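Data block below; observations after.
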Amino acid sequence: MNYNHITDVWATQWSGTDSLLRIQKQYETLNMPARIIPAGHSPLHVAFTACSELDAKAYNNAKQVLDIFSLKSWEIKAFALNSAPRNEKSAKENWQENHIIRVVSKHGRVFLIYGLDVASWVCEFEWRENVSLQKIISLWDIIPDTSSGSQFRSAEHLPIVHFLESKWATLKHTKYEELNVGDVAPLIDLKEENTFVIAPPDEFGNGRIILSKKLFEKVLEQKTVKLTWDIDKSFVVKKSLTLVEPGELSIWPSSNHFYNPDIIVANLGTRWKAGTTKTTDKDTVDLSKKLEKCVGQKGEIKFKK
């Protein structure tokens, strides 16, 4: 089984690195070989990192190679996800936040989540009709209430429940309630015409947006489109990165995929100039910086009439 703990504690050097190490120490106490992955500063950063997939063809190719040797890949992957700042009114009034939400996907993944917004994005990316949910209220007298008792619950509580999941024993050893997927309100409406959500930029400085498959198919029929949020920018439409010209601000299909077939990720940016190994185009660099500050916000795609 794979054990990944994805968090919005994202200091990888200097101030704040102690927080990542303290999470790691709790897993070491449990003798559990987990990877601690700092994803960014928002619920969407965390869920996007956890749920982003390769193209299905890539996985099918890998499975065919395993079949040659009569081997199987890990069937269950358990993720611990955390992005739940204590700034809601209920948290101030009750001295507590939300409980751990357990999301089980038909695609063979289990997500143990602090943060209702993270849970909402996970439900969207995994496809709502393919998930079941439980609210983990307590681990009996060991953790009487998963919603309170610590200001660092992602280190003190979440690894323990993650350990139970690794033993296939979460529901056996916890007090929990079954939830309906409707209890977790969606943060994206794919039926909204011409609307997209700003996703975290990639490691090359290209921007990324989330939109419906139907809308992206409409985009691909155009030569150029204009994207608006707090700024307006025009982009040349390309069907592949290989067709993008250096210095030409473009939009093209991303290599990020989700199990929800109605969700598409598109890249915004340009190709590297010949002889370079990083993004040097000023417009792309400036765009990426602006998009990084707007992750989770909505924008609109405008088409020429």
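The values are calculated or read from the model by the stated rules, or taken from the named source; none is laboratory data. What you see is a predicted model, and the numbers here were worked out from it, not measured in a lab. Positions of Cβ are generated from backbone atoms using ideal geometry, with glycine treated the same way; all protein chains shown enter the neighbour counts. Remember, those area values only see protein heavy atoms, side chains included, never the ligands or the DNA or RNA. Shrake-Rupley method; radii C 1.70, N 1.55, O 1.52, S 1.80 Å.
Things worth noting here:
- For Ala80, residues with placed amide H under 5 Å, excluding near neighbours: Asn4, His5, Ile6, Leu112
- With every protein chain in place, segment 109-237: carbon and sulfur % of accessible area (1.4 Å): 49 percent
- Derived scalar couplings ³J(HN,Hα) [segment 279-294; Karplus, 6.51 cos²θ - 1.76 cosθ + 1.60; whole Hz; x for Gly, Pro]: 6, 10, 5, 4, 4, 5, 4, 5, 4, 4, 5, 5, 5, 4, 7, 10
- Per-peptide average of other Cβ atoms within 10 Å, ordering 180-190, 60-70 highest first: 180-190, 60-70
- The spacing between segment 155-192 and segment 1-45, judged by their C-alpha centroids, is 18 Å.
- Residues listed by number, segment 105-131, amide nitrogen under 15 Å from Val65 label point at 7 Å toward C-beta: none
- Bridge type composition, the chain - antiparallel percent by DSSP, nearest 5: 70 percent
- Expected 222 nm ellipticity per residue - DSSP helices of 4 or more, -39500 (n - 2.57), all of the chain, to 500: -8000 deg cm²/dmol
- Normalising the average separation of contacting C-alpha pairs (under 8 angstrom, six or more residues apart) by the number of residues puts the relative contact order of segment 242-305 at 26 percent.
- Hits among lysines - C-alpha to C-alpha of Lys175 under 29 Å, sequence gap 8 or more where chains match: Lys25, Lys77, Lys89, Lys92, Lys106, Lys135, Lys167
- Global geometry of segment 46-193, whether rounded, prolate or oblate, following the gyration tensor of its Cα atoms and the 1.5 cut on a/c: oblate
- Accessible surface of segment 1-75 [probe 1.4 Å, protein heavy atoms]: carbon and sulfur percent: 55 percent
- Calculated FRET efficiency for the pair Ala58/Lys191, C-beta based, R₀ 30 Å, to 0.05: 0.50
- Under a model in which nothing but the beta-carbon of Lys, Arg (+1) and Asp, Glu (-1) is charged, the chain shows a dipole of about 680 debye around its Cα centre.
- Placing pseudo-labels 7 Å out from each Cα toward the beta carbon at Met32 and Thr280 gives an inter-label distance of 4.7 nm.
- Contour minus Cα-Cα distance for His107 and Phe204 (0.36 nm per residue): 32.0 nm
- Förster radius 25 Å - calculated FRET efficiency between Trp168 and Ser148 (Cβ-Cβ, nearest 0.05): 0.40
- Estimated FRET transfer efficiency (Glu221, Ser255; beta-carbon r; R0 22 Å; 0.05): 0.55
- Average accessible surface area per residue within the chain, 1.4 Å rolling probe, Å²: 54 Å²
- Cα gyration tensor, segment 228-300 - rounded (a/c under 1.5), prolate or oblate: oblate
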